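Throughout, read-outs are computed from the coordinates displayed, never taken from laboratory work. As the structure is a prediction and not an experimental result, all values here were calculated from the model. Cβ placement follows ideal geometry from the backbone for every residue including glycine, while neighbour counts extend to all protein chains displayed.
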Amino acid sequence: MPKVISVVNQKGGVGKTTTAVNLAAYLAEMGKFVLLVDMDPQGNATSGLGVNRGELPHGVYEALAQQKRMHDIVFNTNHEGLRIAPATANLAGAAVELVDVERREFQLRDLLSEVAHGYDYVVIDCPPSLGLLTINSLVAADELLIPVQAEYYALEGLGQLLQTIELVKNHIHPELSVLGAVLTMFDKRTRLSTEVMNELYKFFPDNIFRSVIPRTVRLAEAPSFGQSILHYEPKGKGAKAYERLTRELLERHA
């Protein structure tokens, strides 16, 4: 069975989707078969890999609504070994529609059980909230990767996120574990970035990734061209950082 990793932080703009897309791309580059699941109604992971959301006939919503099987919504990407379960605009309605569904927290987990045997890794890009779509993503995951922006306010919501994770562990999914936190948008020229890193150790004393993702223009540009950083600027600082992060993650699973 594959490792299922949810990339989660309820705060927006912390590099969550950038991390999900580029981690998935580098896992595929390193010979793994990977499924990227876009659980964010904004669909940034989908468009960030060059898939035109406006032309999609169906996506994760249709699978959650049991209108389509998971097999039917998965697309190839321009990365060999990387496929995507895309988000369409319809996904925004799923959080409301799931409220009355039996076993509502397990819907994504059940869907992934249909297809997971075909992959080494499933990477889930969570929405920037702690609603039902995120809860589904937590319950479906084996491990959680938490990107944290190197800004003071980025630390404010971490307590709430960790509390939600504990609730999920205590009541629904006791095997869930935090793989680690990764510091994003790091600028070594500022004292604040270093201070945030030091504060982060209070939340995650044992599992902060050594790999730090720098703040670069190229990382911010790549999604607008529908490309991962691996294809957009493979020799740049951002690409090297995500390659290191991926290798570090694989070492933890060795």
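The modelled label-to-label distance for the pair Asp187/Glu221, using points 7 Å beyond Cα in the direction of Cβ, is 1.8 nm.
With n ≥ 4 as the cut-off for DSSP H runs, can you work out [θ] at 222 nm for the chain, using -39500 (n - 2.57) per run divided by the number of residues, rounded to the nearest 500?
Numbers: 12 runs with 103 residues, N = 254.
Rounded to the nearest 500, the figure is -11000 deg cm²/dmol.
Work out the P(r) tail for the chain: percent of alpha carbon pairs separated by more than 24 Å, whole number.
Numbers: 13526 of 32131 pairs.
Looking at the chain, the distances longer than 24 Å represent 42 percent of pairs.
For region 138-224, which trypsin sites (Lys or Arg not before Pro) pass both filters: DSSP loop (anything but H, G, I, E, B) and at most 16 other C-beta atoms within 10 Å?
Values: sites: Lys169, Lys188, Arg189, Arg191, Lys202, Arg210, Arg215, Arg218; in loops: Lys188, Arg189, Arg210, Arg215.
Here the sparse-neighbourhood loop sites are Lys188, Arg189, Arg210.
Length available on full extension from Asp110 to His71: 0.36 nm per residue minus the Cα-Cα distance, which gives 12.8 nm.
A DSSP coil position with no more than 12 other Cβ atoms inside 10 Å describes the following trypsin sites (Lys or Arg not before Pro) in region 35-134: Arg103. Residues whose amide H falls under 5 Å from that of Leu36, counting only those 5 or more places apart or on a different chain, are Arg83, Ile84, Ala85, Val123, with hydrogens built in the peptide plane. Close amide H pairs (under 5 Å, H built 1.01 Å from N) link Val148 with Val182, Leu183, Thr184, residues at least 5 positions away or on another chain.
Think of each Lys and Arg Cβ as +1 and each Asp and Glu Cβ as -1; about the Cα centre, that makes the dipole of the chain roughly 780 debye.
Loop-located GluC sites (Glu not before Pro) across region 72-102 with a Cβ neighbour count of 12 or fewer within 10 Å are Glu80, Glu102, with loop assigned by DSSP.
Figure legend: label point modelled 7 angstrom from the Cα of Glu166 along Cα→Cβ; no residues of region 122-137 have amide N under 14 Å from it. Considering the options Thr246, Leu108, Ile146, tell which one lies farthest towards the positive end of the dipole of the chain, charges being +1 on Lys and Arg and -1 on Asp and Glu at the Cβ, about the Cα centre. Checking the options against the dipole of the chain, the answer is Thr246. Spin-label model, Ala89 to His58: label points 7 Å out along the Cα-to-beta-carbon direction sit 2.0 nm apart. The simple spin-label model puts a point 7 Å past each Cα toward its Cβ; for Ala254 and Met1 those points are separated by 2.5 nm. Backbone phi angles across region 91-102, fed through the Karplus curve with coefficients 6.51, -1.76 and 1.60 (θ = phi - 60°), yield HN-Hα couplings of 4, 4, x, 5, 4, 6, 5, 6, 3, 9, 7, 5 Hz in residue order; Gly and Pro are listed as x. Pairs of lysines in region 125-254 whose Cα atoms sit within less than 29 Å of one another amount to 7, provided the residues are eight or more positions apart or on different chains.
Within a Cβ distance under 12 Å of Asn22, other residues only, what is the Lys/Arg minus Asp/Glu net charge?
Numbers: positive: Lys16, Arg218, Lys240, Arg244; negative: Glu29, Asp125, Glu233, Glu243.
Neighbour charge sum, excluding Asn22 itself: 0.
Sorted from greatest to least, the principal axis extents spanned by the alpha carbons of region 137-247 come out as 44, 32, 24 Å.
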